[in-house]
Amino acid sequence: MIRSLLSWFAQKFQERSLSMDQFPDVEARRVQLLSTLKKKSTPMFFVDTNILTDRYQELTQALENHWKKHIVAYSFKTNYAVARTFCALGAWSEVVSGKEYDMARHLGYSGEKIIFN
């Protein structure tokens, strides 16, 4: 099973051949990005939710093709900002503290879809 899943990902990677049209057009958003950067002095992480959604759907489709019983859970410690997007897509959350658990509940994750490590 794992080999077939890895083969599927390798095929998808080759099909894409990493052309520039697969990356966000930062140039087109230059004014918006510069405006945001001027307002904040801390490091930032920009996410294109369309790309994030596309990659999530590809992952879940691959898992569905190879493992009918699977769960995709997003680690809150990785980046809180995209947790709401993953919740809307149906992912579970993975938390390591009461604070993260409370945040997951606040964002709409049901208790049975929270993995506490």
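Values quoted throughout were computed directly from the atomic coordinates according to the rules given, and no laboratory measurement underlies them. All of these numbers come straight from a predicted model, not from anything done at the bench. Backbone-built Cβ (ideal geometry, glycine too); neighbour counts: all protein chains shown.
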Quick one: compute the contact order of segment 54-117, relative version, from alpha carbon pairs under 8 angstrom and 6+ residues apart, as a percent. 28
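Grab the beta carbon distance between K40 and R105, set R0 = 30 Å, and tell me the FRET efficiency rounded to 0.05. Working shown, then result.
Values: r = 27 Å, r/R0 = 0.91.
It comes to 0.65.
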Using a Förster radius of 35 Å, what is the FRET efficiency between D54 and E112 based on their Cβ-Cβ separation? Nearest 0.05, please. 0.80
Average projected area [Cα convex hull, segment 19-112], square nanometres: 8.2
